[in-house]
Amino acid sequence: MDSFGSILTEAFGLILIWDPDLIEIIGLSLRVTLTAVIVACVIGLPLGAAVGAFRFPGRTIVAVVLNALMGLPPVVVGLMVYLMLSASGPLGPLQLLYTPMAMIIAQTILVTPIIAALTKQVVEDLHREYVEQFASLGVGPLDRVGALLWDARYSLLTVALAGFGRAVAEVGAVIIVGGNINHVTRVMTTTIALETSKGNLELALALGVVLLAIALFVNAAVMAVRASAVRAAYA
Amino acid sequence: MLDSASLMKTFRADVAEKVAPSVISARGLGFAVEGRVLIRDVDLDIKAGRRTVIMGSNGAGKSLLLRLLHGLIAPSSGEILWNGRPLDKAARRRQAMVFQRPVMLRRSVLANLDFALRVHGVHGPARRDRERAALAMARLEDLAASPARTLSGGEQQRLAIARALACAPDLLFLDEPTVSLDPASTHAVEMLIGDAHAAGVTTVLVTHDRAQALRLGDDVIFMAGGRIAETGPVEKVLQNPQSEVARAWLEGRLHFEPGASETK
Amino acid sequence: MERRNFLGWSAALGLALGLSGPAMAQDDFIVVQSTTSTQNSGLFEHILPMFEEQSGIEVRVVAVGTGQAIKNAANGDGDVLLVHAKPSEEKFVADGHGVARFDVMYNDFVIVGPASDPAGVAGTSDVVTALAKIADTEAPFASRGDDSGTHKAELRLWEQTGVDVAAASGNWYRETGSGMGATLNTGTAMGAYVMTDRATWISFGNKGDYTVAVEGDPKMFNQYGVILVSQEKHPNVKAELGQQFVDWIISEEGQAAIASYKIDGQQLFFPNAGD
């Protein structure tokens, strides 16, 4: 096998050539993962905030379930979604199997518990600080959730980032429900799996480096936003 | 510079019904947690427009009593009356509270005022007017856009009081609001409390500071071991306490009251 | 006000990401459930553009193990099945999932091994003897172990040697439970013999010092078949488009396309639809 240096060179070469197939794959990866993370946030943020801020019967059970679901193996999620979307499954008529939408659904299921469970943690801490002030002002439940989410916004960016990291890196779910179809459902991770199975380890690793670079860039951007928020004592 | 007392009057002009003097009362009030009795047999009446201070040693139940009266926690026994009726959600909106450590949202000074007013259903030009008045009152006009949590302790406490007053309460609870402030900041906060009173807001202040009690109190409630040990006009009680526990505390002596230790 | 901007921004981003974008191409496409060997060898990349250009039908290939491909197709998740495990394919048709099975092409299996050749089987053309030798010397042997077409073919050969590989599993006989490429990666790393289809081997990029040790035995014949999934059984199947693909791949033109695919001058698949 080549040295790691030559693999890095190949990775940068791949980006510099601006290979249209590679760009398409990166684009689809980001489109699927970002959409899944946004949908997961729309569901998971209010859910996590409600569990973090309110006492209600079964709250502990919900929290335990959310925490447990954080560890869902992607392959299991992939199989579940496959069985739902398969032509012989209950959602078969929607004909979503082997489409980007199927991959978004699978990743949303993977990421939502992570967003919800981490949001619960963040919001619970903040709520402890705010609870008497809220009660004194007579803030209603909806306003509470809204205010807590807004005031935790910079911590929640990191939460969304954790979800992004999980989704962009997983292969087990998307390869089952997407099918790794060239130009349709082929993303970074399934390409890496495919090239590995072809024995093209250098190319696979170079793609891994590209994936890592994207993850680094996204993380750096979020951290920069967060650093400015810390200076304003908003985080 | 605007006069704070007249600003307070503008807040209170918004109050729809100019009700008869508000009174908050407690009848047989008790509070226990896991079998430990922390407040017992408290009867009190706070008259509208008066300035009441609550004093007593640490653990006497002062802050707890304040939270019970404000409805932040539910009593284990007894009841709280607001203008002779049970304390309900609407009545709670007529009260405000300032905590020992100001709780500021992670937003700008102005947004903190904005949040409280929106929750209180104040909208449109009325909200902007009140925000402007509150900023002027707390002398924080120049810091309106600053993140609230970057303000000094004194500035944050002024903002907390201005935020409470902007909601035009009839009654303001203050839980040791100056305990961690320097003399200048303490003075500024006391001025604000004085302005509120001048505008007709009833105040209930928890303090350890004798001089502050004399400056900001008409009546005193002296607590010990979760009970009221003594009440009366503040000057009279502080100069000539009738109860042994109040005398001991005011003279700086340790005092062991029978039954006090079990509540600690 | 800040909040409205933030929400607006998120919503705009969501719309941009979720509802637009490329790759939601024309409706004229079929899904072919096939095996990793056909995909990894690059055969589909060679022949499919010819079909797509001529017919205007996009072919979406899901490449998994033969076992999984057949199960997916039996769930109705595919229009055409192109795999290599004749008995299972015939059962698929007999169960009503498929319309009819046609031979398409064959390649052959080979056994690859390290240059050191610990079992001394290099150059053998009798596969049963070679496997028996490997078992005797307990030289490591990496198996797919994934119920794929290649795995089933390998087990049939072991049966003829009389060696009970299940008993040796975990010892010298190692089941990777993964695809052909992954098994080759694993096998070459542990110095094990591996049975693979020739097409995957020729295009495999991580050979190390491995060479073909055993080849040329007619028992290692690897037949591929094509089946149109039954629309009667699975109403969502695009029977007409799928039929066009089946017709094309067993036509003279399709067969010529298969024969023309070469890597390093070696032909990988041998069309035999007309036989």
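Any read-out appearing in this document is the output of simple, stated calculations on the displayed coordinates, not a laboratory observation. Predicted model, so just to flag it, every value in this text is computed and none were measured. Cβ placement follows ideal geometry from the backbone for every residue including glycine, while neighbour counts extend to all protein chains displayed.
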Note: probe point = Cα of C:Thr186 + 7 Å toward Cβ; backbone nitrogen < 15 Å; residues of the stretch C:27-67 passing the test are C:65
Treating only Lys and Arg (+1) and Asp and Glu (-1) as charged, each at its beta carbon, one finds that the protein assembly as shown has a dipole about its Cα centre, in Debye to the nearest 20, of 4620 debye
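Can you put C:Trp248, A:Trp18, C:Trp201, C:Trp158 in order of Cβ neighbours within 10 angstrom, beginning with the fewest?
Working: C:Trp248 18, A:Trp18 8, C:Trp201 26, C:Trp158 22.
With the fewest neighbours first, C:Trp248, A:Trp18, C:Trp201, C:Trp158 line up as A:Trp18, C:Trp248, C:Trp158, C:Trp201.
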Sorted largest first, the C-alpha extents of the stretch A:4-230 along its principal axes in whole angstrom are 64, 48, 24
Rg/Rh over Cα atoms for chain C, Kirkwood Rh, comes to 1.07
The size of the Cβ-based charge dipole (Lys, Arg +1; Asp, Glu -1) of the stretch A:4-230 about the Cα centre, to the nearest 20 debye, is 500 debye
Quick calc of log₁₀ I(q)/I(0), the stretch C:189-275, Debye, one scatterer on every Cα, no solvent, q values 0.11 1/Å, result -0.49
Between the residues C:Ala189, C:Gly205, C:Val31, the Cα farthest towards the positive end of the dipole of chain C, that dipole coming from +1 and -1 charges on the beta-carbon of Lys, Arg, Asp and Glu, is from C:Ala189
Taking a straight Cα-to-Cα line shorter than 16 Å from A:Lys120, and setting aside same-chain aspartates and glutamates fewer than 8 residues away, one finds A:Glu129, A:Asp151
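Add -39500 (n - 2.57) for each DSSP H run of 4 or more in chain A, then divide by its residues: what number comes out at 222 nm, to the nearest 500 deg cm²/dmol?
Working: 10 runs with 185 residues, N = 235.
The helix contribution divided over chain A gives -27000 deg cm²/dmol.
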Given Cβ charges of +1 for Lys and Arg and -1 for Asp and Glu, the option among B:Val42, A:Ile181, A:Thr35 whose Cα lies farthest towards the positive end of the dipole of the protein assembly as shown is B:Val42
Sorted largest first, the C-alpha extents of the protein assembly as shown along its principal axes in whole angstrom are 117, 55, 53
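In what order do B:Glu131, C:Glu52 fall by count of nearby beta-carbon atoms within 10 Å, going from fewest to most? Don't skip to the end; give the middle numbers.
Details: B:Glu131 23, C:Glu52 15.
Exposure proxy ranking, most exposed first: C:Glu52, B:Glu131.
Beyond 23 Å, how much of the Cα-Cα pair distribution for the stretch B:101-188 remains, as a whole percent?
Values: 620 of 3828 pairs.
Of the Cα pairs, 16 percent sit more than 23 Å apart.
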Within the protein assembly as shown, the percent of DSSP beta bridges that are antiparallel, given to the nearest 5, stands at 55 percent
Checking B:Asp43, B:Asp142, B:Asp129 against a Gaussian network model of chain B (alpha-carbon springs below 10 Å), the top fluctuating residue turns out to be B:Asp142
Computed from every Cα-Cα pair in chain B, P(r) in 5 Å bins starting at 0 and rounded to whole percents is 1, 6, 13, 17, 18, 16, 13, 9, 5, 2, 0, 0
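A:Gln95 to C:Ala115: FRET efficiency via 1/(1 + (r/R0)^6), r the Cβ-Cβ distance, R0 51 Å, to the nearest 0.05? Please report the intermediate quantities before stating the final value.
Values: r = 51 Å, r/R0 = 0.99.
So the FRET efficiency works out to roughly 0.50.
Over chain A, calculate the relative contact order: mean separation of alpha carbon pairs under 8 Å at least 6 apart, over the residue count, as a percent. Don't skip to the answer; put the middle values down first.
Values: 289 pairs, mean separation 71.7, N = 235.
Rounded, it is 31 percent for chain A.
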Two pseudo-spin positions, 7 Å from Cα along C-beta at B:Ser146 and at A:Ala213, lie apart in nanometres by 4.5 nm
When the charge dipole of the stretch A:4-230 is computed with +1 at the Cβ of Lys and Arg and -1 at the Cβ of Asp and Glu, the Cα pointing farthest to the positive end, of A:Leu118, A:Leu157, A:Ala221, is that of A:Leu118
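For the stretch C:108-220, what is the percent of antiparallel DSSP beta bridges, rounded to the nearest 5? Could the numbers behind the result be given before it?
Working: 7 of 13 bridges.
The answer is about 55 percent antiparallel.
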Expected unfolding gain across C:Gln54-C:Ala166 under the 0.36 nm per residue rule, minus the alpha-carbon gap, is 35.5 nm
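Would you work out the charge dipole size for the stretch C:108-220 about its Cα centre, treating the Cβ of every Lys and Arg as +1 and the Cβ of every Asp and Glu as -1, and quote it to the nearest 20 debye? Write down the numbers at each step before the final one.
Details: 8 positive and 15 negative charges, 38 e Å.
Here the stretch C:108-220 has a charge dipole of around 180 debye.
Over all directions, average the projected area of the Cα convex hull of the stretch C:108-220 and note it in nm². List each step's numbers first, then the result.
Numbers: hull surface 23.4 nm².
If you wrap the Cα atoms of the stretch C:108-220 in a convex hull and average its projections, you get 5.9 nm².
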Connecting every pair of Cα atoms under 10 Å apart in chain B and solving the GNM, the largest mean-square fluctuation among B:Ala188, B:Ala60, B:Ala248 falls on B:Ala248
Once the in-chain neighbours fewer than 8 apart are removed, the lysines whose Cα is under 28 Å from C:Lys233 read C:Lys71, C:Lys86, C:Lys91, C:Lys152
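Between A:Leu8 and A:Leu72, what is 0.36 nm times their sequence separation minus the Cα-Cα distance? Round to one decimal in nm.
Numbers: separation 64, 0.36 × 64 = 23.04 nm, distance 3.24 nm.
Extra length available between A:Leu8 and A:Leu72 comes to 19.8 nm.
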Excluding residues fewer than 8 positions from B:Lys89 in its own chain, the lysines with Cα under 22 Å of it are B:Lys18, B:Lys47
Per GNM of chain A with C-alpha springs under 10 angstrom, the most fluctuating residue out of A:Ala204, A:Ala169, A:Ala68 is A:Ala68
